[in-house]
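First the structure, in the form of structure tokens, and then the observations on it.
The values are calculated or read from the model by the stated rules, or taken from the named source; none is laboratory data. Since the structure is predicted, the reported quantities are computational estimates derived from the model, not experimental observations. Heads up, the Cβs are rebuilt from the backbone with ideal geometry, glycines too, and the neighbour counts pull from every protein chain shown.
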Amino acid sequence: MPVAEDYHVHIYFDPETKTTAEKVINDLSSRFEVDIGSFHDDPVGPHPMGSCQVTVALENLGTIIDWLAKNRGGLTIFTHANTGDVIKDHSEHTIWMGQMMKLDIDFLKRFAKLRT
């Protein structure tokens, strides 16, 4: 099995929980070395709702997952490995906190075909 280069943590929110998501992400970035992506108010890619992507180095994953488990503010968080297999990374190499949601894996299949 390929080793993950890093992990993506997707923090999901809707209009009512966006302020909570912003606080969680601000707190996370003030405590840990992470790369914060853009806030997407609408679904993007395979994600079913608004989200913000946080990139986490492999060596920091355990500490950050522990912190998020205790400080996620009730938000759903989807975490996946980045091994280079985009479909398996989003369907098998995953960690969920909160409500598990259905991702658009067909989008990823179309995306993977474009890359080959």
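Values for this structure:
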| read-out | value |
| --- | --- |
| Set L75, L58, L68: member being closer than 12 Å to A4 by Cβ and of a type in the set (A, V, I, L, M, F, W, C) | L58 |
| Condition broken by C52, with the remaining ones in (1) in contact (Cβ under 8 Å) with a residue 60 or more places away in the chain; (2) farther than 14 Å from A4 by Cα; (3) not in a loop (DSSP other than H, G, I, E, B); (4) not acidic (D, E) satisfied | (1) |
| So L108, is it touching a residue at least 60 places away in the same chain (Cβ under 8 Å) and either aromatic (F, W, Y) or at negative phi (or both) | yes |
| Test: residue in the stretch 1-12 that is acidic (D, E), at pLDDT 95 or above and not in a strand (DSSP E or B) | no |
| First in the stretch 64-92 and in contact (Cβ under 8 Å) with a residue 24 or more places away in the chain and surrounded by fewer than 14 Cβ atoms within 10 Å (Cβ to Cβ), second anywhere and among the aliphatic types (A, V, I, L, M) and not in a helix (DSSP H, G or I), Cβ under 7 Å, 6 or more apart | A69/M97 |
| Failed condition for V24, given (1) within 26 Å of A112 (Cα to Cα); (2) crowded, with 19+ Cβ neighbours inside 10 Å | (1) |
| Output for the stretch 19-49, where each listed residue is among the small types (G, A, S) and outside any strand (DSSP E or B) | A21, S29, S30, G45 |
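A quick yes/no check of all residues on (1) of a type in the set (A, V, I, L, M); (2) not in a loop (DSSP other than H, G, I, E, B):
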site: L75; (1), (2): yes, no
site: W96; (1), (2): no, yes
site: Q99; (1), (2): no, no
site: L108; (1), (2): yes, yes
